[in-house]
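Notes to accompany the following structure.
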Amino acid sequence: MAMPAGGGPAPASEAPAHTDLVQITNFAFAPAVITVVAGATVTWTNEDTTQHDVFAPPVGLKSPVLNQNDSYAHTFSSPGTYRYICSIHPFMQGTVVVTSG
Ligand SMILES: [Cu+2]
């Protein structure tokens, strides 16, 4: 029996395009301002041991409470400026700027 050796292209494991990441760390969103193109999905990941959320109901952002290592993703279809906070710690503020590309 022959095992395939070489030949095929190596599977790509690069990060997919249009995935934009915001870390929640030290009671702050990092980066605090992120710019993406319309259609992009932004994923927030809580790296703190403290619970946080992503909260801006008027623009459709409302995550569940995120424990450490929990993530929340939202796809931004329309260009605009989306400001959000952590509702648990309202001094935590972030902005997603969505461009038309
Ligand atoms: Cu918080």
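Where a number appears in this text, it was derived from the coordinates with a stated rule and is not lab data. All values reported here derive from a predicted model rather than from experimental measurement. Cβ atoms come from the backbone with ideal geometry, glycine included; neighbour counts cover every protein chain shown.
List of remarks:
- Here is the figure for segment 54-72: residues that are within 14 Å of the chain's Cα centre (by Cα), of a type outside the set (Val, Ile, Thr) and within 16 Å of Val33 (Cα to Cα) total 2.
- Looking only at residues in segment 79-97 that are closer than 10 Å to Val54 by Cα and among the hydrophobic types (A, V, I, L, M, F, W, C), the one that is surrounded by the fewest Cβ atoms within 10 Å (Cβ to Cβ) is Ile88.
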